[in-house]
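Novice: Mind looking over this structure? Questions follow.
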Amino acid sequence: MQNQQILIVMEEVNDTEELEKARQQRKQFDRNAAWLQAHISEIYSQHRGKCICIAGEELFVANTAKEAIALATMVHPDDNGWFTRYIPKEKVARIYAI
């Protein structure tokens with residue numbers, strides 16, 4: 001296995017237009033996340049083993065994240081605050097540790 005270097009570049013953004021776009025995207029994301037939390041039990045119970053995408057406070061379900069995103073962006077092309085999640089097939093205890 002070869003050692004590979006990863007280049008990380010950090011930039012400060014001062015452009016007010018870009019900052020406003022980022023704020024709007026975050027607002028959309030927060031609305032979509034809140035919608036998911038309000039419907040999470042029914043979504044998880046009905047869509048195990050699928051990928052979901054939330055956009056426009058609406059659920060899109062597909063076999064892959066790419067397909068779910070395509071469905072969501074067709075219906076809500078102006079929502080840049082969408083996100084995806086895979087719902088595991090089986091409901092099992094999961095341990096997350098750092």
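Novice: What residue, among those in segment 39-58 that are within 14 Å of the chain's Cα centre (by Cα) and of a type in the set (Gly, Ala, Ser), is surrounded by the fewest Cβ atoms within 10 Å (Cβ to Cβ)?
Specialist: Going through the qualifying residues, I end up with GLY56.
Novice: State yes or no: is LYS66 in contact (Cβ under 8 Å) with a residue 40 or more places away in the chain and basic (Lys, Arg)? Spell out how you get there, then give the answer.
Specialist: Working: in contact (Cβ under 8 Å) with a residue 40 or more places away in the chain: no; basic (Lys, Arg): yes.
Judged against the criteria, LYS66 is not a match.
Novice: Within segment 77-96, can one find any residue that is among the hydrophobic types (A, V, I, L, M, F, W, C), outside any loop (DSSP other than H, G, I, E, B) and in contact with a Cys (Cβ under 9 Å, 6 or more places away or on another chain)?
Specialist: yes
Novice: On the given criteria, is ALA70 aliphatic (A, V, I, L, M), surrounded by 13 or more Cβ atoms within 10 Å (Cβ to Cβ), out of contact with any strand residue (DSSP E or B) (no Cβ under 7 Å at 6 or more places or on another chain) and outside any loop (DSSP other than H, G, I, E, B)?
Specialist: yes
Novice: Out of everything in segment 59-82 that is closer than 17 Å to ILE43 by Cα and among the β-branched types (Val, Ile, Thr), what residue ends up being nearest to the chain's Cα centre (by Cα)?
Specialist: ILE69
Bear in mind these aren't lab numbers, they're just calculated from the coordinates by the rules spelled out. Quick caveat, the model's predicted, so the values are computed rather than measured. Note that we place each Cβ from the backbone using ideal geometry, even for glycine, and neighbour counts take in every protein chain shown.
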